[in-house]
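What follows is a short report on a single structure.
The values are calculated or read from the model by the stated rules, or taken from the named source; none is laboratory data. Keep in mind it's a predicted model, so treat the numbers as computed, not measured. Using ideal geometry, Cβ is built from the backbone for each residue, glycine included, and neighbour counts are taken over all protein chains shown. To get the accessible areas, we keep the full protein, side chains included, count just its heavy atoms, and leave off ligands, DNA and RNA. Shrake-Rupley method; radii C 1.70, N 1.55, O 1.52, S 1.80 Å.
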Amino acid sequence: MKPTPEILARLKAVTGDKGFIADERDMASYLEERRELFHGRAAAVLKPASTEEVSAIMRIAHEAGIPVVPQGGNTGLVGGQIPDQSGEAIILSLSRMNRIRAIDTANNTLTVEAGVTLAGVQAEAEKAGRLFPLSLASEGTCQIGGNLASNAGGTQVLRYGNARDLVLGLEVVLANGDIWNGLTGLRKDNTGYDLRHLFLGSEGTLGIITAAVLKLFPRPEAVSTAFAAVPSVDAAVSLLRIADTVSGGQVSTFELVPRIGLDFVTTHLEGMADPLADRSPWYALIEMTAGTRAHLDEAMEASLKEGLEQGLVTDAAIAQSGTQHADFWRLRESLSDVQRLEGGSIKHDVSVPVSRMANFITMATKAVEERLPGIRPVPFGHIGDGNVHFNLSQPVTMDKAAFLDLWGEMNGIVHGIVREMGGSISAEHGVGQLKRDEIAATKSPVEMELMRSLKRALDPKGILNPGKVV
């Protein structure tokens, strides 16, 4: 139901002028996601400044049956934060809820509101001599509430886990406006259902995360980073196992980079050069961290040496300065953006068992090339945890629009192989609008009905982020 002028006036009274936007031009940035795949319309954007204001908004929306679309930094990649075209929804932006509520260094916890940027959380942890390990390319603008609602992954999942593994407690506003205060800092609490996991990864369809108690970790004082040339994906996986064993579990990052991706970066980014002398079909960005530098570089060197002896590594460089370390990381983190400069790009965020990664990339590459000769696969990402971004750049001479029209067909080809291997069609980006109709083919009927049952129980009127996930 579209909110009436009277309802909009009641909502504006909750947030005040600072938290209410109804002009279409001022709402524009909230209505489109970064890939420009999804465009929506809204009756208003509300920016509450407190949990109580969120609660008041939800009570009004629940009473009137108004759809509510929660939004963080609007960096999501599956359209989960964008309303539909009806113009009936209100967008609930958590950006004004950006306070640090508490830090407990003895308990290694940080309590923050949903609108704090991920970079802000990291900085607050660093000030306390601690580490919050979630790290994403968009960390300067994405917000922790969105990270938790989408169960974000990033580059250190291998060692620290996904976003859901970094949370001890939550504060959540339910569809009817009730507030669940689960802001506990307990690491052990065996008193029934663990409610926080209902909301972590739910993409705002079951409740609105307004605050969280986050886990902090000892801050590594030592970092060793290497860029290694490997002849195959199989070799990269074998090198990962060697590095993890030799270092005693100190590998925090293991990223796969294809030659074509490196070519894109060095072509389009000023000042970026090939890190190694000779070309290789594949590369691995490896990072180890520890509390002290003693033996860390030795562990990296020993891992690479064993890789060389086994034919798994053909060349490698260990960063000798902060600048070289930053260059290695800039190369990796620029992979997504530079693909736009090569024309249309069809995205896949998938996971398979690490042991099947090489087979998946081989099969998927063959399948898409048979369908469209000249297509340019760019598989890259977090193979240490089984997640690869199997992106496809358009053939050089093909029309961009014609290529992007094949998005659904290419998804079908790639996701079919993923399902055959017992993998997931969304490793870290979520479901949103983009993959909503596909998950039923991946999950069993029992799973789907359990998810729908939870949705009906927590949001009986279906007003929370309708059209997303289920």
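Yes or no: Ala61 touching a residue at least 12 places away in the same chain (Cβ under 8 Å), touching a strand residue (DSSP E or B) at 6+ places or on another chain (Cβ under 9 Å) and not in a loop (DSSP other than H, G, I, E, B)? Judged against the criteria, Ala61 is a match.
Entry remark, segment 361-378: residues being open to solvent by 20 Å² or more (accessible area, probe 1.4 Å) and part of a helix (DSSP H, G or I) number 8 in total. Residues in segment 388-427 that are in a loop (DSSP other than H, G, I, E, B) and in contact with a Leu (Cβ under 9 Å, 6 or more places away or on another chain): Gln394, Pro395, Met398, Leu406.
Could you check segment 1-17 and list, in sequence order, the residues that are assigned to a loop (DSSP other than H, G, I, E, B) and either at pLDDT below 95 or closer than 23 Å to Asp84 by Cβ (or both)? Let's see the steps before the verdict.
Going through segment 1-17, the residues assigned to a loop (DSSP other than H, G, I, E, B) turn out to be 1-4, 16.
Result: Met1, Lys2, Pro3, Thr4.
Taking the conditions exactly as written (open to solvent by 20 Å² or more (accessible area, probe 1.4 Å) and β-branched (Val, Ile, Thr)), does Thr75 satisfy them or not? Answer is yes for this residue.
Taking segment 205-232 on its own, how many of its residues are open to solvent by 10 Å² or more (accessible area, probe 1.4 Å) and not in a strand (DSSP E or B)? It would help to see each step written out before you state the result.
Residues of segment 205-232 that are open to solvent by 10 Å² or more (accessible area, probe 1.4 Å), as a first pass: 206, 209, 215, 217-221, 223, 231-232.
From what is left, the residues that are not in a strand (DSSP E or B) are 206, 219-221, 231-232.
Number satisfying all stated conditions: 6.
Kindly indicate whether Gly343 is touching a residue at least 60 places away in the same chain (Cβ under 8 Å), more than 27 Å from the chain's Cα centre (by Cα) and more than 22 Å from Gly154 (Cβ to Cβ). Even if it seems obvious, please write down each step before you answer.
Details: touching a residue at least 60 places away in the same chain (Cβ under 8 Å): yes; more than 27 Å from the chain's Cα centre (by Cα): no; more than 22 Å from Gly154 (Cβ to Cβ): yes.
When the stated conditions are applied, Gly343 does not pass them.
Screening Ala294 on (1) modelled with pLDDT of 95 or more; (2) on the phi < 0 side of the Ramachandran plot; (3) open to solvent by 40 Å² or more (accessible area, probe 1.4 Å) shows it passes everything except condition (1). When Thr109 is tested against the conditions (1) at pLDDT 95 or above; (2) touching a helix residue (DSSP H, G or I) at 6+ places or on another chain (Cβ under 8 Å); (3) farther than 22 Å from Gly16 by Cα; (4) among the hydroxyl-bearing types (Ser, Thr, Tyr), the lone failure is (2).
With respect to (1) over 30 Å from Ile413 (Cβ atoms); (2) of a type in the set (Lys, Arg); (3) crowded, with 17+ Cβ neighbours inside 10 Å, the lone exception for Lys305 is condition (3). Determine, yes or no, whether Glu428 is surrounded by 15 or more Cβ atoms within 10 Å (Cβ to Cβ), under 18 Å from the mean Cα position of the chain (by Cα) and at pLDDT below 95. Yes, satisfied.
Against the list (1) in a helix (DSSP H, G or I); (2) closer than 27 Å to Ser424 by Cβ, the condition Leu136 fails is (1). Taking segment 297-323, which residues are within 21 Å of Pro220 (Cα to Cα), touching a residue at least 24 places away in the same chain (Cβ under 8 Å) and either in a helix (DSSP H, G or I) or not β-branched (Val, Ile, Thr) (or both)? Across segment 297-323, the qualifying residues are Asp297, Ala299, Met300, Ala302, Ser303, Ala319.
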